[in-house]
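Enquirer: Sharing a structure, written as structure tokens. Questions coming.
What follows draws every value from the coordinates through simple rules; no lab data is involved. Remember, it's a predicted structure, so these values are computed and weren't measured experimentally. We place every Cβ from the backbone using ideal geometry, glycine too, and count neighbours over all the protein chains shown.
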Amino acid sequence: MKAKTGNKTLSDEAFVQRVAEIVDSQIRPHIQTHGGDIVIRKILGREVGVVLTGNCSGCPAAQITMEETIEKTLRSALNDEIDRVYLINEIDEEIFDFAKKLLRHNKTD
């Protein structure tokens, strides 16, 4: 499958590579100024799913960051060739393990 970007056509592989380049060069540095990071978790067709980590994980403003920074930057660079950008909310394993230990501890009290 190929997608047009401006006058050029990108293969799916080139699209994935271009998304990664934009995230690395334009989006990640901004996210890192807030003590967070971004991971491209899934690219299916022209839909991109991302995870915010560090201080940005679980932040109440994460959805706004996704819309105002991540999605706008990708759309600006790729025009209308990107169909959807969405935030995948994941639970940090360390926090989850801590919560389980805390809950187990409270059951014995």
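Enquirer: Just to be sure I understand, if you calculate log10 I(q)/I(0) by the Debye sum over Cα atoms at q = 0.10, 0.20, 0.21 Å⁻¹ for this structure, which of (1) -0.28, -1.05, -1.14; (2) -0.36, -1.00, -1.07; (3) -0.44, -0.97, -1.02 do you get?
Expert: (2)
Enquirer: Sticking with this one: Considering amide H positions built from the backbone, and no H for Pro or chain starts, which residues 5 or more places from Val48, or on another chain, come under 5 Å of its amide H?
Expert: Arg84, Val85, Tyr86
Enquirer: Right, another one. Which order do the peptides 94-101, 43-50 take when ranked by the mean count of other beta-carbon atoms within 10 Å per residue, highest first? Please list the in-between numbers first.
Expert: Details: 94-101: 10.2, 43-50: 16.2.
Going by the mean number of other Cβ atoms within 10 Å, highest first, we get 43-50, 94-101.
Enquirer: Compute the distance in nm between two label points, each set 7 Å from the Cα along the Cα-to-Cβ direction, one at Ile91 and one at His30.
Expert: 3.1 nm
Enquirer: Can you work out the FRET efficiency for the pair Ile40 and Ala61, with r the C-beta to C-beta distance and R0 = 30 Å, to the nearest 0.05? Numbers along the way, then the final one.
Expert: Values: r = 20 Å, r/R0 = 0.67.
So, using R0 = 30 Å, E works out to roughly 0.90.
Enquirer: For an R0 of 41 angstrom, estimate the FRET efficiency from the Cβ-Cβ distance between Asp83 and Arg104 and round to the nearest 0.05.
Expert: Values: r = 44 Å, r/R0 = 1.07.
That gives a FRET efficiency of 0.40.
Enquirer: While we're on this one: If I fit a long axis through the Cα atoms of helix 93-107 and take the longest principal axis of the Cα atoms of the chain, what angle between them do I get, 0 to 90°, rounded to 10?
Expert: Around 20 degrees separate the two axes.
Enquirer: Considering amide H positions built from the backbone, and no H for Pro or chain starts, which residues 5 or more places from Gly36, or on another chain, come under 5 Å of its amide H?
Expert: It is Asn55, Cys56, by chain and number.
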